[in-house]
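Asker: Dropping a structure here in structure tokens format, bear with me for questions.
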Amino acid sequence: NNMLDDEEDRILTEREDRLFQYINNTQKVESCILIGVENLSLLRKERKEIMNSMNSNNLNDNNGINANGGNTPQESQSLGFTLEESMTEMRELIKTAGLSLQGEITQRLQEVNPKTYIGTGKVKEAQELLEKVGCCTVVFDAELTPGQQKALENVFNRKVIENDFLGSDDDDVVKVVDRTALILDIFAQHAKTREGKLQVDLALHEYRKPRLTRMWTHLERQSGSGGVGLRGPGETQLEVDKRILRDRILVLKEKIDDVQKQRDLHRRGRKKG
């Protein structure tokens, strides 16, 4: 039982890409920069959908009020978050996650860059800001695809990748965190129940699965599956990370299933009583 308890405790408390680092039992607050983007093409699309919806509804000829909510087309167009409102919310999320915000970059885009989300000029500006403030976490006020996150991390970690044969320090590796990852991390910090912790841990692992890159060698080190002479380069290491992540997802699903079965048994027991 002690071994099972230890294993469960390890799974619940392990956070490979947590935004905190613990050194000698002292909490070291991770610093970050925030990148906010106003996607003008998305705004145009949303406004077009609103106008189409308004045109398809029956409007009151006397006052032009929509039967579904009372907003005129002009009012409906302004219902979305502005860039500044969204940035304000992200600052609060960053604070809740325990991060220290060191700088901000914003951009208004006619079209999102399919490779890096933001333009190449802003990527360079972000890299310069990271070096200036001395932090290794970039938070995006956006939902990044796995490909965009990988491309950005490759750019920000170019020097680390080039010097990988010398061995890189994890403190030097730049992490790219999007809105979803930040919110999941906050949930992970505040989950209280056993099932809640397991569910959040599963969500984190499912989120990471398509985002694994060769930079994620810390999975192998923390799990104890690797070591001197066992760490494969490049794709070999990536396959090790994928296997570890896949195994943990299976274990978490089994444990969640066990918790739900136990809860059902307790519920039936209370009804009988």
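Asker: When you check Arg214 against the structure, is it at pLDDT below 80, open to solvent by 60 Å² or more (accessible area, probe 1.4 Å), in contact with a Gly (Cβ under 9 Å, 6 or more places away or on another chain) and not in a helix (DSSP H, G or I), yes or no?
Answerer: Values: at pLDDT below 80: yes; open to solvent by 60 Å² or more (accessible area, probe 1.4 Å): yes; in contact with a Gly (Cβ under 9 Å, 6 or more places away or on another chain): yes; not in a helix (DSSP H, G or I): yes.
Yes.
Asker: Here's a follow-up. Quick one: is Val155 in a helix (DSSP H, G or I) and at pLDDT below 85?
Answerer: On the way: in a helix (DSSP H, G or I): yes; at pLDDT below 85: no.
So Val155 does not fit the description; no.
Asker: In this structure, is Lys150 over 23 Å from Lys45 (Cβ atoms), open to solvent by 30 Å² or more (accessible area, probe 1.4 Å) and of a type in the set (D, E, K, R)?
Answerer: Values: over 23 Å from Lys45 (Cβ atoms): yes; open to solvent by 30 Å² or more (accessible area, probe 1.4 Å): yes; of a type in the set (D, E, K, R): yes.
The answer is yes for Lys150.
Asker: If we keep just the residues of the stretch 124-145 that are at negative phi, over 11 Å from the mean Cα position of the chain (by Cα) and in a loop (DSSP other than H, G, I, E, B), which is surrounded by the most Cβ atoms within 10 Å (Cβ to Cβ)?
Answerer: The selected residue is Cys135.
Asker: Give me the pairs: first residue in the stretch 181-202 and more than 14 Å from Asp258 (Cα to Cα), second residue of a type in the set (Phe, Trp, Tyr), beta-carbon distance under 7 Å, and six or more apart or on different chains, which are they?
Answerer: Here the result reads Ala181/Tyr207; Leu184/Tyr207; Val200/Phe187, each pair linking the stretch 181-202 to a residue that is of a type in the set (Phe, Trp, Tyr).
The values are calculated or read from the model by the stated rules, or taken from the named source; none is laboratory data. Model, not experiment: these values are computed from the prediction. Heads up, the Cβs are rebuilt from the backbone with ideal geometry, glycines too, and the neighbour counts pull from every protein chain shown. Calculation scope for accessible area: heavy atoms of the full protein, side chains included, ligands and nucleic acids excluded. Shrake-Rupley method; radii C 1.70, N 1.55, O 1.52, S 1.80 Å.
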